[in-house]
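Have a look at the structure below before the remarks.
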Amino acid sequence: MTVPATVKKGDAYFLSHGGPNSISEPKTGAYKGWKDFGRIVTEAQPKGLVIVSAHWENVGREGVLVNSDSSNPLIYDFYGFPKHFYELKFESHGDPVLLKAVVSALEKAGIPVATEKRGLDHGVWGPFLAAFDGKTDIPIIQVSLPGDSSPVTTAKLGKALAPLRDEGYAVVGSGQVVHNLRDVFGRGGDTSGYAPQYMQASIDAAASSKPLEAAMTLFRHPLYKRAHPTPEHLLPLLISTAAVDEGDELETIYAEYSKDNLGWADWRWKSQTA
């Protein structure tokens, strides 16, 4: 698709979002990565952000859902945390033009789609709260993951969203590079036997000249099931890499196997189209 001269092509991003406690730890690398992401997005000035999070799957139904509540209420989809985490606020809004563009792109790609008044889960508002100091005027539309947990179906969704970049919108996947909470909390917190290796494989995939093909191999990696007992936190990487164009420039905003035994990475694939 040819980009109109008046439209600056949007970028593709992947974010690691962490749990709600991460939002209250401003000295961590993860938090600083979100702040850098916010600065980059603010400078890039996309017309809007289209984001797919690990925490919304269209389970039991065909296709995907798109949030149509333009007030973007927050969903506190976590349990057992101190009260103040449920009082955190992030102010944002949707946009009817962007909503229409998202639905149209999905329909054009043959993906069944319906709208639902839902709001933003913590896979979106958590990192965005830090990135944008609690509020943003950049329109945000969240799209669900498909309900079948399939890398192939998820990649198809990412490809369907990719043309929105030509219209000036950024495409964002929000998940985690290494996400085995069973080991983190239930087996002494030591993931060093597999997390650094899988983290490096993910870094190599992001840097590949064919990042989608490389990211798909992560689901066949010998350590995949150790790094991801369930697939939902890795699937958003396929959203991001499927939206990448040949010639995009990779920028590593943040990448670290951290002391919390999780693998963190924030990546930007910057369009070279003016």
Looking for something closer than 21 Å to S53 by Cα and under 16 Å from the mean Cα position of the chain (by Cα) - is there at least one such residue anywhere in the stretch 182-195? no
Please go through the stretch 1-30 and pick out each residue that is outside any loop (DSSP other than H, G, I, E, B), of a type outside the set (S, T, N, Q) and at pLDDT below 95. P20, I23, G29, A30
Among residues belonging to the stretch 233-268 that are crowded, with 23+ Cβ neighbours inside 10 Å and more than 13 Å from the chain's Cα centre (by Cα), point out the one that is modelled with the lowest pLDDT. L262
Filtered residues of the stretch 125-151 (kept if of a type in the set (D, E, K, R) and either under 17 Å from S174 (Cα atoms) or not in a loop (DSSP other than H, G, I, E, B) (or both)): K135
Can you name every residue in the stretch 60-77 that is among the hydroxyl-bearing types (S, T, Y) and over 26 Å from A160 (Cα atoms)? Y76
Hits in the stretch 68-115 (condition: on the phi > 0 side of the Ramachandran plot, in contact with a Ser or Thr (Cβ under 8 Å, 6 or more places away or on another chain) and free of Cβ contacts under 8 Å to residues at least 40 places away in the same chain): none
Of the residues in the stretch 200-232, how many are modelled with pLDDT of 95 or more, over 23 Å from T153 (Cβ atoms) and outside any loop (DSSP other than H, G, I, E, B)? 4
Selection from the stretch 198-220 of residues touching a residue at least 60 places away in the same chain (Cβ under 8 Å) and either of a type in the set (S, T, N, Q) or surrounded by fewer than 21 Cβ atoms within 10 Å (Cβ to Cβ) (or both) yields S202, I203, M216, F219
Could you list, in sequence order, all residues of the stretch 27-53 that are of a type in the set (K, R) and surrounded by fewer than 17 Cβ atoms within 10 Å (Cβ to Cβ)? K27, K32, R39
So in the stretch 152-179, with the set limited to residues that are in a helix (DSSP H, G or I) and of a type in the set (S, T, N, Q), which one is nearest to the chain's Cα centre (by Cα)? T154
Hits in the stretch 202-243 - residues which are among the hydroxyl-bearing types (S, T, Y), under 19 Å from D183 (Cα atoms) and touching a strand residue (DSSP E or B) at 6+ places or on another chain (Cβ under 6 Å): none
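The values are calculated or read from the model by the stated rules, or taken from the named source; none is laboratory data. What you are looking at is a predicted structure, and each value in this text was computed from that prediction instead of being measured. So basically every Cβ, Gly included, is an ideal-geometry build from the backbone, and we count neighbours across all protein chains shown.
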